[in-house]
1. Do the conditions hold for B:LEU126, that is, is it surrounded by fewer than 24 Cβ atoms within 10 Å (Cβ to Cβ), modelled with pLDDT of 85 or more and assigned to a helix (DSSP H, G or I)?
2. Identify all residues within segment B:129-151 that are closer than 16 Å to B:ILE15 by Cα, buried (at least 23 other Cβ atoms within 10 Å of the Cβ) and either within 11 Å of chain A (Cβ to nearest Cβ) or not hydroxyl-bearing (Ser, Thr, Tyr) (or both); write none if there are none.
3. Can you tell me which residue is nearest to the chain's Cα centre (by Cα) among those in segment A:192-237 that are in a helix (DSSP H, G or I) and polar (S, T, N, Q)?
4. Please enumerate the residues belonging to segment B:233-262 that are part of a helix (DSSP H, G or I), surrounded by fewer than 23 Cβ atoms within 10 Å (Cβ to Cβ) and hydrophobic (A, V, I, L, M, F, W, C).
5. Give me the residue from segment A:380-404 that is more than 16 Å from A:ALA279 (Cβ to Cβ) and more than 9 Å from chain B (Cβ to nearest Cβ) and, out of that set, surrounded by the fewest Cβ atoms within 10 Å (Cβ to Cβ).
6. From the list B:LEU193, B:LEU126, exactly one residue is farther than 24 Å from B:PHE11 by Cβ and in contact (Cβ under 8 Å) with a residue 24 or more places away in the chain. Which is it?
7. Would you mind finding the one in A:THR457, A:THR473, A:THR391, A:THR403 that is among the β-branched types (Val, Ile, Thr) and touching a Pro at 6+ places or on another chain (Cβ under 9 Å)?
8. What's the number of the only condition in (1) outside any helix (DSSP H, G or I); (2) touching a residue at least 12 places away in the same chain (Cβ under 8 Å) that B:GLY227 fails to meet?
Amino acid sequence: MSADALIDLLQIIFLTVTTVVVMVTAGFKRDHGLINALTQAGLIGSLLIFVFIKPITPLQVTPLLLIDEYSLFFSALCIIAGIAVTALAYPYFERHNEKNEEFYILLLLGVIGGVVLSSSSHFASLFIGMEMIGISLYAMLAYPVHSNKVAKYPLEAAIKYLVMAGVAVGVLLFGMALIYVATGSLSFDQLALPADATQADQLYVLIGFMMVVAGIAFKLSLFPFHMWTPDVYEGAPVPVTTFLSTLSKAAMAAAALRLLIAAEAFDYPQLTVAMSLLAAASMIFGNLLALMQSSVKRMLAYSSIAHMGYLLVVVIAAAAVPGNLSAESMTYYMTAYFLMSIASFGVVSALSNSGKEMDSISEYQGLFWRNTWLGTVMALTLLSLAGIPLTAGFIGKFYIFTTGVEGQLWFLLAMLILGSAIGLYYYLRLIYVMMLPVRDDLKDDPAARLPMGANLTLAAMIAAIIYLGVYPTQFIETLQSLAGAF
Amino acid sequence: MILVWLMLILFVGGIGAWLAESRGAEHPRAVALGAILLDLFLVIMMLVAPEAIGLSPDTVAQLGQNGDWLVLMQADWIPRFGVSFIFGVDGLSLLLVALTVFLGLVSLGAAWGEIKERSGFFYFNLLWTLAGVIGVFTALDLFLFFFFWEVMLIPMYFIIAIWGHENKEYASMKFFIFTQVSGLLMLLCILVLVFLHYQNTGVVTFNYFRLLGTELPAGLGMLLMLGFFAAFATKLPAVPIHNWLPDAHSQAPTAGSVILAGILLKTGAYGLIRFTVPLFPEASMTFAPVGMALGVIGILYAAKVAFGQNDLKRLIAYTSISHMGFVLVGVYSWNAQAMQGAIMTMLAHGLSASALFMVAGGIQHRIHTRDMDKMGGFWGAAPQLSFMALFFTVAAVGLPGLGNFIGEFLVLLGAFQVSVTQAAFATLGLVVAAVYSLIVIQKVFHGKNKNHYELADLSAMEFICFALMMVGLVWMGMYPQTMLDMAEPTLRSLNVTFP
């Protein structure tokens, strides 16, 4: 292995070392504050490492990982998710659990999984990354919540996720095997069949891709593979929900787009049709089901299904438009969704702690007046999720529209408009509830003493949402350059 | 830059008003008043002495435009998509901007004594709505236009949702979803238009002037035109997509109704004149008879429904729909008289409807009901208020000598040249208008005060607002040439043939 490859792997190495250090430290001294700070320092260090040492891009590091601007961008997103969750987890778990320290080890492992998944260019690394995220999530989801009403939920959520993810991974592996039978390779860019391939081989690859897409759809919680989403989102401790809805989705989407484009999977029109159906169903059913929720976490869970449906539109568009436009749009929308997810779950997390989760929509009545800061963050984030101008969500939706028009996906665009219309209703309803006069039994400020880290995280997210919505030019230039790889 | 200043003052003033609340409940409105007065000053300068504030023909940028643009400015925004800040005013825009700022002042007067709770956030929303509307009237980049189209929507939603009346949740939601969905349709059409332009020329741009004259396949042109039409007709509103309006109006606080009726509805008409017809001339030509027919149906249907209302604000809301029908007829007649008439109707209706909503809001504020069956004999209790109500009612009916008459008369004159039948039916609207208007005067102001309501008469602030609007209407009625002269160059540049 050359020195260049080592430099490109520095981020992963740094994260791994951090994990070991945190683990050893936790073995000697159980101190929540210390471990939290160590984790935070390690994550920030690994995020900044490439500022000081220029990585060589693009570079194929071992057959497994491809490090280029695109993968570095998504790796950075994964690490930022880790930082945000670390900041939010401290006030949430402090004072309620005695043994919080292992949580951060799992978190770090999940972040490494995200980085590996974002950089994967091979089925093996795809699988390793996915499983690292998955396995750390099984344990994180089950982290106890000390509220009588929901104390049994985390375990239920973890088991549900474990069983469902197990099935999905099985399907994914079988799909990979089928593709391997026909092509004899696991590397993304060698999966395209030659023109004179036999019909049987073509069938294997097609079925293989269908199964791989099903596995990916499970991770992205696309309809009809979404069944676990609301229960897991609702049951898990909020910081874990934040982690699940950002890191695991961003990394999975990054790897999926790379796989589908590199393997020329769009040559199979059947696959495009199947994915279009997934997207349309996710947009419609995700939004419709979100309408009926009285729990904020469940509502956001269904809304995430819808948003992944929107995202899939630009992935499908890759069949008809140049791959770099599709990658650019996907990256923009994923970033926007990432920021909105952290901000919205961050507010829920800031309002909750392990002893009492603030989850029912009615509890949000008058939030805007009880705590104007958190109310404003939540309102702006919801407006962004609804795709209203001045926010990143709007430019994101604009990107999807542009890409969809260029790919001439009229049916999906119609579904997108319909879905957005339904979506408006439940986002606005929550905003409306927050703006109602304060109820007598809910007068006090629920998050009066929020630590600096959580406030900073929310401030950074909301600033980024507004900045990307008002002046996206610079960010778009970055995206254009990283999408050049496609 | 002056246009950007107009908006910046309001944006910043809005934030200032919000922050000022911590110093006391009285402070926000003072900040808001200051911001609007500053804007009004700038607009008056633009109208009477453009040279004094540095506006000369040299400042006109070269954008391939035709027609006389008083102020144009351009700066890059998102070059990736060919999106730039292009603001410009010509006669039509300037008239509407002036109307916006003027009615902003009036709505401030309406809110002055009414909004007591959370006043900081209220004035924030009020000023941001106004800023958004000014953006809509001056943006000449389709992306920018859409941007402002949405920006004016959110604060208005908050105004209805927070300070509205008993059924505010339903009304505000309906208002938002109607406008937003039709807006998304328009966005899709904008993108398709830009994409077609890109296929023809290889340039991605949202610049209005560049997109004018894009060659469109016939069928697609029609679809795109309909997408634009849907967004603007929802806002106007035209029957059959009008039914968000009575709810929104009846639930909104007075200041909200003033802005809605006076300004927001005009953005729909403006969009039709500035965008729908010029961008899709052929499709619009084909569609014109349908557009006119929708207008005529709107005039008659809304008048009929208005007659059946017990709720004072709902009644006025339906009359608004009826009057906006004239605008639709005028726009789709597309000749000099009809267009001038449509613009005059927009301006005059802005004043008269706002004033009527202030009357209705004032009554509701005093007696806490909008039910006309409970009212009666208010003339004795509040003579000044009643006089204002009578004045603006007859103005709305179209009494010669006041602005509305000029507008509707010109519309009918223009429409008559296009279709005698449609013009004849539209004229019936004037007759029905007299019926529903007189019933208001009879029920509310004449007769007996059955429930013995005691009404305070107009406050000084209200009186000033009404007086200003009276002056405006009389001016429009007596010397409409001021406005007609300003609108003419715009219309000429839109290829309306003048005799």
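The values are calculated or read from the model by the stated rules, or taken from the named source; none is laboratory data. Just so we're clear, the structure is a prediction, and the values are computed from it rather than from any experiment. Here the Cβ is made from the backbone with ideal geometry for all residues, glycine too, and neighbour counts use every protein chain on show.
1. No.
2. Residues satisfying the conditions are B:LEU130, B:ALA131, B:GLY132.
3. So the residue we want is A:THR229.
4. Across segment B:233-262, the qualifying residue is only B:TRP244.
5. Only one residue fits best here, namely A:LEU380.
6. Going through B:LEU193, B:LEU126 in turn, the sole match is B:LEU193.
7. A:THR473
8. (1)
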